[in-house]
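No lab work stands behind these numbers, since they all come straight from the coordinates. Note that the structure is predicted; figures quoted are calculated from it, not measured. Here Cβ is always computed from backbone atoms with ideal geometry, including for glycine, and neighbour counts include all displayed protein chains.
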Amino acid sequence: MTGFYTNADGVTNGFLIVGDHVITLSFPGAASTTALGVNDKKEVVGVYVPSDNPNALDGFTWTPRGGFTTVNDPNGVGTTTINGINDFGDLVGFYVDGNGNGNGMLAVP
């Protein structure tokens, strides 16, 4: 199971529950991290807000072995959200283009 919470300082962090363990997910240098999806391999996806650009949203993946990776659609303008991943590593989400339109996306490794 994955999700997110806001701590006493007002910072949002993601989490992953594996058995009895809770793993906090906080993208390095981010103002907030929101975990939105997980697959059976415990690969987590979501969105984070960079500390240096509070108006941006960057998608991410996190794996137990590899840690965090930023995933942004090349057609997006500072707003990519990854909200699902299957066991093959296919990512689904959405982005906002230069005209302000929301668009769905599928990224296949």
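Within region 61-80, identify whether any single residue is buried (at least 22 other Cβ atoms within 10 Å of the Cβ), under 17 Å from P109 (Cα atoms), among the aliphatic types (A, V, I, L, M) and out of contact with any Cys (no Cβ under 7 Å at 6 or more places or on another chain), and answer yes or no. No - not one qualifying residue is present in region 61-80.
Could you grab me the full set of residues in region 12-30 that are assigned to a loop (DSSP other than H, G, I, E, B) and either more than 15 Å from the chain's Cα centre (by Cα) or free of Cβ contacts under 8 Å to residues at least 12 places away in the same chain (or both)? Outline the logic, then answer.
If we filter region 12-30 for residues that are assigned to a loop (DSSP other than H, G, I, E, B), which is where we start, we get 19-20, 26-29.
G19, D20, listed by residue number.
Kindly indicate the residue of region 89-107 that is surrounded by fewer than 16 Cβ atoms within 10 Å (Cβ to Cβ), in contact with a strand residue (DSSP E or B) (Cβ under 8 Å, 6 or more places away or on another chain) and not small (G, A, S) and also farthest from A56 (Cα to Cα) among those meeting that condition. The residue in question is D90.
For region 82-106: of the residues being polar (S, T, N, Q) and not in a strand (DSSP E or B), which is farthest from L36 (Cα to Cα)?
Once the filter is applied, the top-ranked residue is N99.
Among the residues of region 74-81, is any aliphatic (A, V, I, L, M), in contact with a strand residue (DSSP E or B) (Cβ under 9 Å, 6 or more places away or on another chain) and part of a strand (DSSP E or B)? Looking for residues that are aliphatic (A, V, I, L, M), in contact with a strand residue (DSSP E or B) (Cβ under 9 Å, 6 or more places away or on another chain) and part of a strand (DSSP E or B), one finds none in region 74-81, hence no.
Is it true that F60 is touching a Phe, Trp or Tyr at 6+ places or on another chain (Cβ under 8 Å), within 23 Å of Y5 (Cβ to Cβ) and not in a strand (DSSP E or B)? So F60 does not fit the description; no.
What number of residues within region 31-55 are among the polar types (S, T, N, Q), touching a strand residue (DSSP E or B) at 6+ places or on another chain (Cβ under 7 Å), more than 24 Å from P109 (Cβ to Cβ) and not in a strand (DSSP E or B)?
Just the residues of region 31-55 that are among the polar types (S, T, N, Q), to begin with: 32-34, 39, 51, 53, 55.
Retained after the next criterion (residues that are touching a strand residue (DSSP E or B) at 6+ places or on another chain (Cβ under 7 Å)): 32-34, 39, 51.
Next cut, more than 24 Å from P109 (Cβ to Cβ) only: 32, 51.
Keeping just the survivors that are not in a strand (DSSP E or B) gives 51.
Total satisfying the criteria: 1.
If we keep just the residues of region 31-46 that are over 13 Å from G89 (Cβ atoms) and in contact (Cβ under 8 Å) with a residue 40 or more places away in the chain, which is surrounded by the fewest Cβ atoms within 10 Å (Cβ to Cβ)? Once the filter is applied, the top-ranked residue is L36.
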